[in-house]
């Protein structure tokens, strides 16, 4: 029987920040890292939330990841920069790099940053959303360990290479895209494993090079299928998107190629040298902010008004479900799977901090 | 029986430019418009090449599209600009806007432009590739008439909203992504119609709201399925990508929403008010250009080395097939479908210019 424990967001945030601080992070950095993870849980993206806290802490403990994240600018022009993250926590490095990107965009209208020598950064959408309070459009990308086969290929060579975009709206919630460029993310496989369900055909290849429904086999051999599957005429597109993320995260930053990024789940113990890419655009560099937001609201309402397919409640905007979940969980608390609670209790014992549940 | 006629690229270019010039375009603009269309044919993207010339010319003749494309900058910051294309030909407006974007990026490292009051711009990849000789990464997007249903919806509300990205390489051909964010483009339906083949399930919905294999029904009612199909866990992603393109092409530029963009195939006769978005990034704003190109070459060779699936010759990079086709067709000529040749002959008669075949 699966049971869950409901935790208040601020308690989960405090616990997570404390765990990071006990693991050597500066207090401000610990707060940032905790905020990224708890935001994932608030938005219903449990695969990228505190369920992964023990991985991050293990990497810090093993010295695989530096506890202090110090950025060094390797190269820059007024609106571009490449940052060496010093093998710091991806959650912190990405936050700081996006801050720098937003600063530059504020000055010149738009800016972009490539980051090397970093680590997995959690949900891409978090950093894209950092642009919103500045009335900017935000972009975030990241390469990851090799889990995805190229179109027509059988060996995993690309990461799930997520893309995040955030657009401010007026009275409607922001439009937030946050997606792996594979059909699904490894996190989705983890959730399937944890809940014991089989996966749909088309998510991943099995040992035999054909699609499998076995979550455990799929998780073990990591041969995810790119977005669009292998279908005639469409299958190359997810692969193309993944290659864009790879070019920006690897070749533009000087980080490792996905194929050489060490997995975040315990394979190997050297630095991952993960790469990121960020961009920010001042809305008022293009249009009056109120006009833009009014048109975004109009777009949201138009798409939402689309007659749904039978059995579908209604058409949602990208990020709308997550936004609603965040409102509900901010009010009612975050349900944590029993297995995650056990992980958090172990962390509390290991770090000698007060358990939250 | 289907026959083709092979035409030298430079003859097709000269014919097409002459047709545009006779239709009122300035000579330089006519050359640009012809180059975009012939480049599509050279690269094997026949759906977006001279097969559409008669549409562009008809719009010019009807006064739906202005023969002289004059850009007006509506708003700008050092690295952002919004351009009113004056209802000019999208092919020309997009070229000029990308020129401006590249100029700004040259000065500040990166730049972006939103374009309103334009028209369909052909292949997105053309404008992205304009960045390559400048050692820049190029981006191009465009909204289009409503042909695509939102995820979970039954009515076409989004355009096929293409995305183009181009990355310079060293000794390897540039990596060029050029794709509709729907599973397939309307052009692919046109090709299927012309060649009389049925379409795979998953490309488009039929009248009954379910996927159809009938190219003629699919072309008539225009309810393309977003990239990723309606599959569990993946179907929302193509929709999300399309929404990104819509936000940038419509809300950021002030152009019409896809839902209100007049179709390019004869429905309605008012200006389409199509929107575009362009961006350019100086590679040396991030990394030494040679280092970047060496790493891009490495990425290309790594992906190409992936063991292929049974029946697949080998893994290709985005744009590789098109690059090879362009080399071959530059040498051997461009094969034009008999139906396209007939269209070009009619154009020659109408405009009193020398037919090419």
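What the table below lists for this structure:
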quantity	calculated
Cα convex hull of the protein assembly as shown - mean projected area over all directions, nm²	28.5 nm²
Shape category assigned to chain A from the gyration tensor of Cα positions, a/c cut at 1.5	rounded
Candidates B:290, B:313, B:273: whichever shows maximal mean-square fluctuation once chain B is modelled as a Gaussian network with Cα springs under 10 Å	B:313
Within a Gaussian network of chain B (alpha carbon springs, distance under 10 Å), most fluctuating of B:120, B:48, B:337	B:337
Extension reserve of the residue B:103-residue B:214 stretch, reckoned as 0.36 nm per residue once the Cα distance is removed	35.3 nm
For the range A:271-349: rounded, prolate or oblate by the Cα gyration tensor [a/c cutoff 1.5]	oblate
Three-way shape label, the range B:44-96, alpha-carbon gyration tensor, a/c 1.5	oblate
Helical contribution to [θ] at 222 nm, DSSP H n ≥ 4, -39,500 (n - 2.57), averaged over the protein assembly as shown, rounded to 500	-12000 deg cm²/dmol
Centroid-to-centroid separation of the range B:112-128 and the range B:203-261 [C-alpha atoms, Å]	19 Å
Pseudo-label separations to other copies for residue B:78 - Cα-to-Cβ vector, 7 Å, nm	0.3
Rounded to 5, the percent of DSSP beta bridges in the range B:54-116 classed as antiparallel	45 percent
Whole-angstrom gap from the range A:22-41 to the range B:4-74, using each part's C-alpha centre	55 Å
Packing-based ranking, highest mean first, of A:180-188, B:38-46 given that Cβ atoms within 10 Å are counted	A:180-188, B:38-46
Inter-chain Cβ neighbour average for residues A:98-109, partner chain, 10 Å	3
Rounded to 5, the percent of DSSP beta bridges in the range B:70-289 classed as antiparallel	85 percent
For residue B:327, inter-copy label distances in nm, listed shortest first [label point 7 Å out on the Cα-Cβ vector]	5.6
Burial ordering of A:123, A:334, fewest other beta-carbon atoms within 10 Å first	A:334, A:123
In nm, spacing of pseudo-spin labels at residue B:270 and residue B:55 (7 Å Cα→C-beta vector)	2.0 nm
Shortest-first nm distances, residue B:4 label point to equivalent points in other copies (7 Å, Cα→Cβ)	5.6
Burial ordering of B:118, B:305, fewest other beta-carbon atoms within 10 Å first	B:305, B:118
Centroid-to-centroid separation of the range A:169-184 and the range A:288-323 [C-alpha atoms, Å]	11 Å
Length-normalised contact order of chain A in % [C-alpha pairs under 8 Å, at least 6 apart]	22 percent
Choice from A:344, A:317, A:100 showing the highest fluctuation, given a GNM over chain A with Cα pairs closer than 10 Å	A:317
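Where a number appears in this text, it was derived from the coordinates with a stated rule and is not lab data. Fair warning: this is a prediction, and the values are worked out from it, not measured in the lab. Neighbour counts are summed over all protein chains in view; Cβ atoms, including those assigned to glycine, are modelled from backbone coordinates with ideal geometry.
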